[in-house]
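The values are calculated or read from the model by the stated rules, or taken from the named source; none is laboratory data. Given the structure is predicted, the values throughout are model-derived calculations rather than measurements. Ideal geometry is used to build each Cβ from the backbone, glycine not excepted, and the neighbour counts take in all protein chains shown. Side chains included, ligands, DNA and RNA excluded: accessible areas come from the protein's heavy atoms. Shrake-Rupley method; radii C 1.70, N 1.55, O 1.52, S 1.80 Å.
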Amino acid sequence: MPHPAANPAHSVCVFCGSRTGNRPAYLRAAHETGAILAQHGWQLVYGAGDVGLMGEVARAAQEAGGRTFGVIPEHLFSREVGKRDLSTFVVTQTMHERKKVMFMNCDAIVVLPGGAGSLDEFFEVLTWRQIGLHEKPIFLVNVEGYWDPLLTVIERIIAEGFAAPSLRDFTIAVPDAAALQKALEETFA
């Protein structure tokens, strides 16, 4: 049942792995994130895959009665097993289009553990924020310290003079799905 005070217009884009990773905590965080979004009436926007953490976050959102908006490029449809039973299912021509459609249909961005694709998505929205194209919050769900090296790289970029200290302010690291829930509630209050 959606949260009674939830704004049905809120959508959260989740970037995450098309694999489950090696730690059970990653899968658990994906499941909890999907359930939290649904319980608050927030729409999940994600890469439309039915594999890895992507599939887990979507299934959890669906099981909890949530709305799901998936975007997948044609060339990944078979590899990521396009999940057709979503509330909204969009097929794009390119990866760039996929990211653009996902970004345009959300109010906040969440990055769960993932690989190169998740990093690509993260750095694109971070760069857009850095150059003033948006003010959407970007949350890194730092499950068991997964994103610690990335946070260190951001600090190094600042220390070496390749970005202003404000770069660190564009990303909010939270340790788990429970902390993410609290941060999103504050964001959407």
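Solvent-accessible surface (1.4 Å probe) assigned to Lys182 amounts to roughly 130 Å². Sorted largest first by accessible area at a 1.4 angstrom probe radius, with every protein chain in place, the residues Arg129, Arg98, Arg79, Arg28 fall in the order Arg79, Arg28, Arg129, Arg98. Solvent-accessible surface of the stretch 1-157, averaged per residue with a 1.4 angstrom probe and all protein chains in place: 45 square angstrom.
A Förster distance of 25 Å, applied to the separation of the beta-carbon atoms of Lys182 and Ala9, puts the FRET efficiency at 0.75.
List the chymotrypsin sites (Phe, Trp or Tyr not before Pro) in the stretch 88-189 that DSSP assigns to loop (not H, G, I, E or B) and whose Cβ has at most 13 other Cβ atoms within 10 Å. Which are they? Within the stretch 88-189, the qualifying chymotrypsin sites (Phe, Trp or Tyr not before Pro) (loop, at most 13 other Cβ atoms within 10 Å) are Phe162. In straight-distance terms, cross-link reach from Lys136 covers every one of the aspartates and glutamates whose alpha-carbon lies under 15 Å from its own, apart from those fewer than eight places away in the same chain; here that gives Asp107, Glu121, Glu124, Asp169, Glu185, Glu186. Accessible area per residue was computed with a 1.4 Å probe on protein heavy atoms; Ser87 scores about 80 Å².
Relative to the longest principal axis of the Cα atoms of the chain, the long axis of helix 24-39 makes an angle of roughly 70 degrees.
Listed as lacking a disulfide-compatible partner in the chain: Cys16, by the criterion of no other cysteine Cβ under 4.7 Å.
Between amide H atoms placed 1.01 Å from N, distances below 5 Å from Asn142 occur with Val174, Asp176, all of them 5 or more places distant or on a separate chain.
Only protein atoms count toward the accessible area here, which uses a 1.4 Å probe; on the chain, the carbon and sulfur part of that area reaches 54 percent.
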